[in-house]
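Throughout, read-outs are computed from the coordinates displayed, never taken from laboratory work. All values reported here derive from a predicted model rather than from experimental measurement. No Cβ is skipped: glycine too gets one built from the backbone with ideal geometry, and neighbour counts run over all protein chains shown.
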Amino acid sequence: MMRPADRIARLAEKESRFAFWATRKIICDASALLDETAAVIILPLMKQDRQIDAIDRKIIAALQEDATLSHSDLAERVGASSASCWRRIKALEIAGVFAATVRLVDPEKIGRGVNVLCHIRMRSHAQDARRAFEQFVESRPEIVECFSMSGEWDYLIRVVVADVADYNRFLMMTLLGHPSVAGAASHFALSMTKFTTALPV
């Protein structure tokens, strides 16, 4: 016959096990409900075309300045609730307003402190030649920006290098050796008086 103490211990174990599974079920049900709510209500609203309002603009400006802001800090800064900030950020991501989140690097600290702006003239404007050059640009890490230009020159690229000798090697041995490139004109930046990734909103 089971002793009273053993019976109490067994009962306590069963109650503890029941409480664990009941809590787990509540959590799972709540999570499923949130997912269902997001799928049925929130996400369709996000996908709808809508105008960016004043709060959205404040969020965009704040996150362009500091993308590490928590939802609570962001909410305090823009005058909205944390939940509202979360919904708005998700909507802006889905709309393509917010792209990748990255950390900016000081070029001086990694030995890439020299900026060169280089105009490119193409040998041919055929689609295949332009595609080959643009694929080349994508493959070169020292080319950080490239613009297709109107006017006398076809492209403008910004190249970050360690020094003049480094750029000379890139220019003579790589860039001018590309079959699509007919000529180039390089301009060395003496200093950078302004640089920002933040767009006006």
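Please label the shape of the range 109-188 as rounded, prolate or oblate, based on the square roots a ≥ b ≥ c of the eigenvalues of the alpha-carbon gyration tensor (a/c under 1.5 means rounded; beyond that, a/b larger than b/c means prolate, else oblate).
Details: a/c = 1.86, a/b = 1.76, b/c = 1.05.
Cα axes put the range 109-188 in the prolate bin.
Using label points projected 7 Å from each Cα along Cα→Cβ, tell me how many nm separate Gln51 and Ser148, to one decimal.
Roughly 3.3 nm, to one decimal.
With Cβ to Cβ distances under 14 Å as the rule, what net charge do the other residues near Asn115 carry (K, R +1; D, E -1)?
On the way: positive: Arg112, Arg158, Lys194; negative: Asp106, Glu108, Glu142, Glu145, Asp163, Asp166.
Here the count lands on -3.
Stretched out fully, how many nm does the piece from Ser124 to Thr196 gain, at 0.36 nm a residue minus the Cα gap? List each step's numbers first, then the result.
On the way: separation 72, 0.36 × 72 = 25.92 nm, distance 3.42 nm.
Residue separation times 0.36 nm, minus the Cα-Cα distance, leaves 22.5 nm.
Could you sort the peptides 127-134, 153-160 by per-residue average Cβ neighbour count (10 Å cutoff), highest mean leading? The partial results should precede the final answer.
On the way: 127-134: 14.0, 153-160: 19.0.
Going from most to least packed, we get 153-160, 127-134.
Taking amide H positions as placed in the peptide plane 1.01 Å from N, state which residues far from Phe98 in sequence (5 or more) or on other chains have amide H under 5 Å from it.
Glu93
Name the long-range amide H neighbours of Val181: under 5 Å, sequence gap of 5 or more, or other chain; modelled H, no Pro or chain starts.
Answer set, sorted by chain and number: Arg123.
First check a/c for the range 51-104, with a ≥ b ≥ c the square roots of the eigenvalues of its C-alpha gyration tensor; if it is under 1.5, answer rounded, and if not, answer prolate when a/b is larger than b/c or oblate otherwise. Don't skip to the answer; put the middle values down first.
Numbers: a/c = 1.58, a/b = 1.11, b/c = 1.43.
Note, shape of the range 51-104 comes out oblate.
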